[in-house]
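Trainee: Following this message is one structure expressed as C-alpha cells.
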Amino acid sequence: MSGTLYAAISGLNAEQALLGVISENIANVNTTGYKSSSMSFAQMMQQTLSGGTAPTATLGGTNPEQVSGGAAVGIGAVDVNMSQGSLQTTGIKTNMAISGHGFFVIKTPNGYAYSRSGDFTLDAQGQLVTPQGDFVMGWMAQNGQLTGESQGNISPITIQPNMNMAPSATTSVSVNGNLNAALATAASSTATTSGSTVRNVPVTVYDSLGDPVTLNVNFSNPTATANSGTSWTVTVTEPPSTTALGSGTVNFSNSGAITSGSTVSLSLQSTNGSATPQKVTLNLNGLTADAAATSLSGTAGGYPQGTLSNFTIGHNGVITGTFSNGQTQAIAQVSLANFNNTAGLLNVGNNLWQQSANSGTAKIGQPGSGGLGTISSGSLEESNVSLANQFVSMISAQQGYQANAKVISVAQALDTTLVNTIAP
C-alpha cells in the first residue's frame, strides 16, 4: 500500500500548493498592478510493468502496463496572467496607468526593474519615485526639446518645483486691424475715428533678459494715391523717447488690401545689460485700409522668465510644464519597456519584475510607439484577479485535497485489515 499512500500524499502536496497560489491571488485582489498566477499539474514518473508488444501473425499486440511508482502528481507550471486590469481614476496626476503593452522602467539599488504599478509621487527633490523611493526612468528635455529614444540613455525623471523657464527675446511684432481710408483726405497725423487713435498702437516686447519694453507703433500722414488707394507713414518709438527705432511707408489698394511696405525693420537699443541692438521685424500683413472705422491691435512674440506652476502628463508620456509667463514647455518623457516573453519575467516583490533568461531583454521605447501602450495620467491599473474564478478554483482544490485525504484513510484501513488478517 506504500505506493498508494505516496501517490495520495503527492496529491495532497499538489493541491496544497494550488491553494497557496489561489490564496496569494485573493490576498492581492486590491493590489495595484498585480498579475494573478495559475498552476497546472503534471503526472509524475510511472513504474513500467510491461513495455507493450507489437502484433504478430498469430497474436495481437499488447499495450504498455504502468502504475504509479510512488509520487503520482507534481507541479507542472506556475503561469502569470499578464492581461490588463481595469483602470481606476485617482485624480492624482503623478499616478499613471498603461493602456496596452509595456512596463514602467524603474531604477532600484539592484539595477533596473519593471512594473505595471504607476503609483508614483514626487520626492523632496522633485524626482518621480515609487512608494519605495525607486526612480522612474525616462528622457529629460533639453531646453524644452524632446527627442525620445534618439536622445540617448534613459535617466531618472525630475520635475523641480522651482523650475525656471528662460526668457525669450522678441523677434517679431504684428499689427492687425483696419485703417479708415477716409482719413487720407484729411492728411492729419492726429485724426481719430470712433474714438480710436490712428497713430498710436502700444505693443509690449521683451529683451533678452525677459524685461518688458513698451513700443508705440504710429500710423500718420494718410494720403490718397494715384490708384485711389491710401498711403501711411509707419514710425516705431519707445516712449518717452520720440527717436524712431524704425520707419517705413505702407501702401494699400483701392480695395483696402496691402500692396507694399508690409514689413518694417526695427533696431532696439537697451542699457540694462541685455543683448543690443535687438533686431525686431514689424509685420503689417494683417492690416487693411477701407471705409470701416479704424480698429488696431498689436501682438508680439517673446516672453519673460517663468516659474513652473503646473504640469500635465500626456498619453505619449510627455510631461509638459505650464509656467507663470503663460508658456508651456516639455520637461521629460516617461519611457516604457516590453519583452518577447512577459510571462518569463521574474517577480521580485513590491510590484516589480526583472528580466530573466527566458523573458528576453528589455526593449525600451516611447509610449504609443513600437507596439507599446499609452499612458493615462491620474489613473492606476487595478489587479487582474477575478474573485469568481479564484473561488471556483479554490472549491476544486479543496475537493481534490479531500479526495486525496480520503485515499490515505482508505489505504490505512486496508493496511489495518491486512495486518489483522495475517496476525489475528
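Readers should treat all values here as calculations from the given coordinates under stated rules, not as data from a laboratory. Everything quoted here is computed from the prediction, not taken from an experiment. Here Cβ is always computed from backbone atoms with ideal geometry, including for glycine, and neighbour counts include all displayed protein chains.
Trainee: How large is ³J(HN,Hα), in whole Hz, for each residue of region 50-65 in order, when computed from phi with the Karplus curve 6.51 cos²θ - 1.76 cosθ + 1.60 and θ = phi - 60°, using x for Gly and Pro?
Mentor: Result, rounded to whole Hz: 8, x, x, 10, 8, x, 10, 5, 10, 8, x, x, 10, 7, x, 10.
Trainee: Given only helices, namely DSSP H runs of n ≥ 4 each adding -39500 (n - 2.57), what is the per-residue ellipticity at 222 nm of the chain, to the nearest 500 deg cm²/dmol?
Mentor: Computed ellipticity for the chain at 222 nm equals -5500 deg cm²/dmol.
Trainee: Something else about it: I'd like the distance separating the alpha-carbon centroids of region 105-156 and region 249-306, in whole Å.
Mentor: 45
Trainee: When only C-alpha pairs under 8 Å and at least 6 residues apart count, what is the relative contact order of the chain, in percent?
Mentor: With pairs under 8 Å counted, the relative contact order is 23 percent.
Trainee: Turning to a different aspect of this structure: Between Thr56 and Thr242, what is the label-to-label distance in nm when each label sits 7 Å out along the Cα-to-Cβ direction?
Mentor: 13.2
Trainee: Right, next: Going by C-beta contacts inside 10 Å, put Ile26, Ile331, Ile154, Ile395 in order with the fewest on the left.
Mentor: Working: Ile26 15, Ile331 24, Ile154 21, Ile395 11.
With the fewest neighbours first, Ile26, Ile331, Ile154, Ile395 line up as Ile395, Ile26, Ile154, Ile331.
Trainee: Let me know the volume per residue of the alpha-carbon convex hull for region 172-300, in Å³. Mind dumping the intermediate values first?
Mentor: Numbers: hull volume 11.7 nm³, N = 129.
Convex hull volume per residue, Cα atoms: 91 Å³.
Trainee: What FRET efficiency, computed as 1/(1 + (r/R0)^6) with R0 = 41 Å and r the Cβ-Cβ distance, is obtained for Asn272 and Thr89, rounded to the nearest 0.05?
Mentor: 0.25
Trainee: All other residues with a Cβ under 13 Å from the Cβ of Phe41 taken together, and with Lys, Arg as +1 and Asp, Glu as -1, what is their net charge?
Mentor: -2
Trainee: Students often get this wrong: which residues of region 259-301 have the backbone nitrogen under 13 Å from the point 7 angstrom along Cα-to-C-beta of Ser172?
Mentor: 263-264, 280-286, 299-301
Trainee: If I histogram all Cα-Cα distances within region 226-349 using bins 5 Å wide from 0, what percent of pairs lands in each bin?
Mentor: With 5 Å bins starting at 0, P(r) equals 2, 8, 11, 12, 10, 10, 9, 9, 8, 6, 3, 3, 3, 3, 3, 1, 0, 0.
Trainee: Which ³J(HN,Hα) values in Hz, rounded to whole numbers, follow from the phi angles of region 289-302 under the Karplus curve 6.51 cos²θ - 1.76 cosθ + 1.60, where θ = phi - 60° and Gly and Pro get x?
Mentor: Values per residue, Gly and Pro as x: 9, 9, 6, 5, 5, 5, 8, 10, 8, x, 9, 9, x, x Hz.
Trainee: How large is the Rg to Rh ratio of region 304-424 when both quantities use alpha carbon positions and Rh follows Kirkwood? Kindly include the intermediate steps, with their values, before the conclusion.
Mentor: Working: Rg = 28.9 Å, Rh = 20.6 Å.
For region 304-424, the value is 1.40.
Trainee: I need to check one value: relative contact order of region 172-300, counting alpha carbon pairs closer than 8 Å and at least 6 residues apart, in percent.
Mentor: 35
Trainee: Please count, across the chain, the pairs of lysine residues with Cα atoms under 25 Å apart that sit 8 or more places apart or on different chains. List each step's numbers first, then the result.
Mentor: Details: Lys35/Lys93; Lys35/Lys107; Lys35/Lys363; Lys93/Lys107; Lys107/Lys363.
Value for the chain: 5.
Trainee: Spelling out what I want: for every residue of region 404-411, take phi, set θ = phi - 60°, compute 6.51 cos²θ - 1.76 cosθ + 1.60 (Karplus), and round to whole Hz; glycine and proline get x.
Mentor: Ordered by residue, 3J(HN,Hα) equals 5, 5, 5, 4, 4, 4, 5, 4 Hz.
Trainee: With the radius of gyration and the Kirkwood radius both derived from the Cα set of the chain, what is their ratio Rg to Rh?
Mentor: On the Cα set of the chain, Rg over Rh gives 1.36.
Trainee: Sort 98-106, 239-247 for me by packing, meaning the mean count of neighbouring Cβ atoms within 10 Å per residue, highest on top. If you can, show how the numbers build up before the last one.
Mentor: On the way: 98-106: 22.1, 239-247: 12.7.
Packing proxy ranking, top to bottom: 98-106, 239-247.
Trainee: For Thr230, Thr90, Thr235, Thr121, which order do you get if you count the other beta carbons within 10 Å of each Cβ and list the fewest first?
Mentor: Thr121, Thr90, Thr235, Thr230
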